[in-house]
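S.K.: This is the structure I have questions about; it appears just below.
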Amino acid sequence: MQGARATAPGKIILFGEHAVVYGQPAIAVPLRDVRASAVVTPGSVPGSVVLVAANLARTLVLRKTPDPNEHALVIAVRRLLDYFGQPIPPLQITLSSTIPIASGLGSGAAATAAVLRAVSLALGMPLSAETLNTLVYEIEKLHHGTPSGIDNTVVVYEQPVYFIRNQPIETFAFGQPIHMVVGDTGVASPTHLAVGDVRALRERQPEQTDALIREIGAIVQQARAAIGAGDVRQLGALALQNHALLRALTVSSPELERLVEAAMDAGAYGAKLSGGGRGGNMIAFVTPEMSSAVSDALAAAGAARVIRTVVG
Ligand code: PMV
């Protein structure tokens, strides 16, 4: 057994959230500035893997006999060992992460990916990205029931993805790097509540709601072309249109509106909420020169956390 270290990035949805539930495309990208990181060292307890999850303030133990309430990360390591047909090796895994938990940034998928990658390296049996993606997706199902597969794909491949529900996920390239600022409202908002409210809205007003959803789909297609062309100004304009449609779907919030407005006042080309909405994060499309002013404006407008990032 050798020591090993592996990491995986966060993810963020750029365009198409909510409409993606109804068959429209969505675009998500890796957020490399925040990462989960796993370090594997030889363990001192024979026949058990000890997993120290610093962010969760928990120490988890994998033993031969499964615990009925086993943590998803322990299940992940167990499945990996089963996949390799290996007995439980004495290992210590130390997991740390700078990805905010439960804020739509893919923290769960990234933690699983980093742990499985590091353990497979320590065992001298590195996983292919495809196998790792399948294993992480299986663990995502334990958390979310019917996840779309977008989180695991973005964090495992570290590539932008163009995603349509029930279709193979496509990764794609950026024409040139795009600068963004991510602002966190600090308001926790479970995605399933916002998704449920959009569903209810669609039941009450099917035609109007479906029209909004189709318009979002058309924007996502234009955004993909703008990303390919490296046209950040156009992406900004599309972000504002997408945000207005999400507002019409009722998933914005006063905090998100305040941050979007602050980004625009500071000169951003465009901004929108990202993910489930009602709280969570927003993104602003900027040039490298604008980035620091927009970042300061978001902090001044009450953002709990601001991340300046480059994608592509
Ligand atoms: O908040 P996130 O990043 O987990 O994204 C939710 C995206 C939705 O489209 C609102 C829901 C979904 O399952 O696609």
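S.K.: How about the stretch 161-179: which of its residues are among the aliphatic types (A, V, I, L, M), farther than 28 Å from Met290 by Cβ and either surrounded by 21 or more Cβ atoms within 10 Å (Cβ to Cβ) or in contact with a Pro (Cβ under 8 Å, 6 or more places away or on another chain) (or both)?
M.R.: Ile164
S.K.: Of the residues in the stretch 288-306, how many are of a type outside the set (D, E, K, R), in contact with a strand residue (DSSP E or B) (Cβ under 6 Å, 6 or more places away or on another chain) and surrounded by fewer than 24 Cβ atoms within 10 Å (Cβ to Cβ)?
M.R.: 6
S.K.: Out of Thr131, Thr65, Thr112, report the one residue that is more than 18 Å from Val29 (Cβ to Cβ) and crowded, with 18+ Cβ neighbours inside 10 Å.
M.R.: After applying the criteria, what remains is Thr112.
S.K.: Then there is this: Among Ser253, Ser295, which is within 16 Å of the ligand (Cβ to nearest atom) and at negative phi?
M.R.: On inspection, the qualifying residue turns out to be Ser253.
S.K.: Is there any pair with a first residue in the stretch 107-134 that is at positive phi and a second that is surrounded by fewer than 22 Cβ atoms within 10 Å (Cβ to Cβ) whose Cβ atoms are under 8 Å apart and which are 6 or more apart or on different chains, and what are they?
M.R.: Gly124/Gln2
S.K.: Also, quick follow-up: Exactly one of these conditions fails for Arg58: (1) of a type outside the set (A, V, I, L, M, F, W, C); (2) surrounded by fewer than 24 Cβ atoms within 10 Å (Cβ to Cβ); (3) farther than 19 Å from Thr309 by Cβ; (4) touching a residue at least 40 places away in the same chain (Cβ under 8 Å). Give me its number.
M.R.: Arg58 satisfies every listed condition except (4).
S.K.: Let me ask something else. In the stretch 57-82, which residues are more than 16 Å from Gln92 (Cβ to Cβ), of a type in the set (A, V, I, L, M, F, W, C) and out of contact with any helix residue (DSSP H, G or I) (no Cβ under 6 Å at 6 or more places or on another chain)?
M.R.: If the condition is that a residue be more than 16 Å from Gln92 (Cβ to Cβ), of a type in the set (A, V, I, L, M, F, W, C) and out of contact with any helix residue (DSSP H, G or I) (no Cβ under 6 Å at 6 or more places or on another chain), then Ala57, Ile75 are the ones that fit.
S.K.: For Val182, indicate whether it is at pLDDT 90 or above, of a type in the set (A, V, I, L, M, F, W, C), surrounded by 20 or more Cβ atoms within 10 Å (Cβ to Cβ) and under 23 Å from Pro288 (Cα atoms).
M.R.: yes
S.K.: To continue, here is another question. Could you please let me know if Ser103 is closer than 24 Å to Val21 by Cα, touching a Lys or Arg at 6+ places or on another chain (Cβ under 7 Å) and modelled with pLDDT under 90?
M.R.: It is false that Ser103 is closer than 24 Å to Val21 by Cα, touching a Lys or Arg at 6+ places or on another chain (Cβ under 7 Å) and modelled with pLDDT under 90.
S.K.: Spot the failing condition for Ala300; the list is (1) more than 27 Å from Gln176 (Cβ to Cβ); (2) under 19 Å from the mean Cα position of the chain (by Cα), and only one is missed.
M.R.: Ala300 satisfies every listed condition except (2).
S.K.: Here's something else I'd like to know. Sort through Gly104, Gly85 and tell me the only one that's more than 16 Å from Leu132 (Cβ to Cβ) and surrounded by fewer than 22 Cβ atoms within 10 Å (Cβ to Cβ).
M.R.: It is Gly85.
S.K.: Can I ask one more? Is at least one residue of the stretch 239-250 in a loop (DSSP other than H, G, I, E, B), within 15 Å of the ligand (Cβ to nearest atom), surrounded by 13 or more Cβ atoms within 10 Å (Cβ to Cβ) and not polar (S, T, N, Q)?
M.R.: yes
S.K.: Could you tell me which residue of the stretch 17-43 is nearest to Thr112 (Cα to Cα), considering only residues that are touching a Phe, Trp or Tyr at 6+ places or on another chain (Cβ under 8 Å) and within 11 Å of the ligand (Cβ to nearest atom)?
M.R.: So, considering only residues that are touching a Phe, Trp or Tyr at 6+ places or on another chain (Cβ under 8 Å) and within 11 Å of the ligand (Cβ to nearest atom), the one nearest to Thr112 (Cα to Cα) is Ala28.
S.K.: Here's another thing I want to ask about it. Consider only pairs whose beta carbons are under 7 Å apart and that are at least six residues apart or on different chains; among these, list those whose first residue lies in the stretch 265-286 and is more than 16 Å from the ligand (Cβ to nearest atom) and whose second residue is of a type in the set (Ser, Thr, Tyr).
M.R.: What qualifies is Phe285/Tyr269; Val286/Tyr269.
S.K.: Oh, and also: May I ask you to say which residue of Ala200, Ala229, Ala188, Ala223 is buried (at least 18 other Cβ atoms within 10 Å of the Cβ) and of a type in the set (A, V, I, L, M)?
M.R.: The conditions single out Ala223.
The values are calculated or read from the model by the stated rules, or taken from the named source; none is laboratory data. If you're wondering where the values come from, they're calculated on a predicted model, not measured in any experiment. When we count neighbours, we look across all protein chains shown, and the Cβ atoms used for this are built from the backbone with ideal geometry, even at glycine.
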